[in-house]
1. Give all pairs with beta carbons closer than 6 Å in which a residue from segment 256-284 that is closer than 13 Å to residue 246 by Cβ meets a residue that is at pLDDT below 90 and outside any strand (DSSP E or B); count only pairs at least 6 apart in sequence or on separate chains.
2. Please verify whether segment 351-368 includes one or more residues that are touching a residue at least 60 places away in the same chain (Cβ under 8 Å), surrounded by fewer than 21 Cβ atoms within 10 Å (Cβ to Cβ) and within 26 Å of residue 467 (Cβ to Cβ).
3. Tell me, which strands (runs of 3 or more DSSP E) wholly within segment 430-493 include 3 or more residues that are over 27 Å from residue 344 (Cα atoms) and outside the structural domain of residue 353 (by TED's automatic domain parsing)?
4. Residue 275 - would you say it is crowded, with 16+ Cβ neighbours inside 10 Å and at pLDDT 90 or above?
5. Tell me yes or no: at least one residue of segment 73-82 is in contact (Cβ under 8 Å) with a residue 24 or more places away in the chain, touching a strand residue (DSSP E or B) at 6+ places or on another chain (Cβ under 7 Å), surrounded by fewer than 17 Cβ atoms within 10 Å (Cβ to Cβ) and assigned by TED's automatic domain parsing to the domain that holds residue 467.
6. Has segment 482-493 got any residue that is more than 24 Å from residue 68 (Cβ to Cβ), in contact (Cβ under 8 Å) with a residue 40 or more places away in the chain and in contact with a helix residue (DSSP H, G or I) (Cβ under 8 Å, 6 or more places away or on another chain)?
7. Residue 105: surrounded by fewer than 17 Cβ atoms within 10 Å (Cβ to Cβ) and outside the structural domain of residue 332 (by TED's automatic domain parsing), yes or no?
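The values are calculated or read from the model by the stated rules, or taken from the named source; none is laboratory data. Since this is a predicted model, take the numbers as computed values, not measurements. Please note: Cβ atoms are built from the backbone with ideal geometry, for glycine as well, and neighbour counts cover all protein chains shown.
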């Protein structure tokens, strides 16, 4: 069954007239003239092959009142027969939210390699004399986003490193414990992220020496207005002088807590609301100098183990002189730990929409291409990757690797081109298996439940305020595979309602 270009229809009656007139055309793309009965306007109509139910769904979607003020686009492509099923504004640049992660992860697999790993090394400089290390211990970050995630892992790694130091017959250290994060840019927060987001848990940005996912959890009594000062070994210690001022309001409303403060400041304010009667609350925030935190906690673990450290914990972010000094010193390796493979990190990014790991992969692309892990260098690597695969980059604007930035803008055509290429890429298995499955897993686990689309659609979703997007692959009853991309900006309904409307289209696609 053929269908008209949805942007040309003004009512379902026109749809039925066009399909009746053009049903004899088979799979060909045809044009015709339609004269509307109400306005006598002559309009050209482009017709493709699709099912009646999908055509009805598309027509209903196009004329939904919640899209009155919206910008939206979609492209549905049959990869089996190399034919477009439906399209609207395929080259319109729109804010994509997390679907931009597909570009980050595809480039990471192909450029970095699916089996690549990133290491964190324990080094020392100076000399060992009479059981004294007359020098510094350095935790040299290699851009591993999984280093010491969780207290148990931290204790395991630090205990093993402490044993390695003891095996060198060192029982005291005259120098400092230094966290070296220089493989990545010092300005590790993308400059287009908003002030209101940079302290929120989903906005953890990567450091060359990331630690505990660059997040901390602070548990506190919201009724106490005393200044909260974490203990020296606490994972809430984001700075040696960390303090938290409780400014939480108590209302008969759901808990909604957040942190306010400058990124590298030790002072943060806790704001938001908790329900009356709450005596234990938790807030999650971002560690903005994780290299310093890693050095601080490792120093404490060494002291607890009986290895005396005369110096203090430092970060290479601290001073220019410290950065210069740690460039000139000869270093010797004591121990090292490695990250999971790039393929595993890609799975976490696409399946669970992990922003932190997406930004890490983008900066690793920058290291690979430019020798330096900045957001800009990573974006350049993604552009180069797209061009090398003949993917059109006009209208493609990338400012981070995760989709948090509202400066990002891409087209549904670019998404489909990427997904079409990745179907046959040497890394296709790792890429496609990283995608969430409708009704079953990841960020798509709650959509298309108990429908034909359940288990038959794999893809990536994207959500932020006034943005909803989906892109991926659909296996059809016919045995064909569709590649689809849908982006909607500035809709006049809730995010949940918009999801339901797009979900209906996904269900209809799966029944073809």
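1. Going by the 6 Å Cβ cut-off, the qualifying pairs are 273/253; 274/255.
2. yes
3. Result: empty, no element qualifies.
4. No; evaluated as a whole, the condition is false for this residue.
5. Within segment 73-82, one or more residues are in contact (Cβ under 8 Å) with a residue 24 or more places away in the chain, touching a strand residue (DSSP E or B) at 6+ places or on another chain (Cβ under 7 Å), surrounded by fewer than 17 Cβ atoms within 10 Å (Cβ to Cβ) and assigned by TED's automatic domain parsing to the domain that holds residue 467.
6. Let us first name the residues in segment 482-493 that are more than 24 Å from residue 68 (Cβ to Cβ), namely 482-483.
When the remaining residues are screened for being in contact (Cβ under 8 Å) with a residue 40 or more places away in the chain, the result is 482-483.
Subsequent filtering for residues that are in contact with a helix residue (DSSP H, G or I) (Cβ under 8 Å, 6 or more places away or on another chain) retains 482-483.
Yes: one or more hits.
7. no
Quick grid of which residues meet (1) in the same structural domain as residue 125 (by TED's automatic domain parsing); (2) touching a strand residue (DSSP E or B) at 6+ places or on another chain (Cβ under 8 Å); (3) under 27 Å from residue 309 (Cα atoms); (4) not in a strand (DSSP E or B):
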| site | (1), (2), (3), (4) |
| --- | --- |
| 179 | yes, yes, yes, no |
| 182 | yes, no, yes, yes |
| 187 | yes, no, no, yes |
| 191 | yes, no, no, yes |
| 196 | yes, no, no, yes |
| 199 | yes, yes, no, yes |
| 207 | yes, yes, yes, yes |
| 219 | yes, yes, no, no |
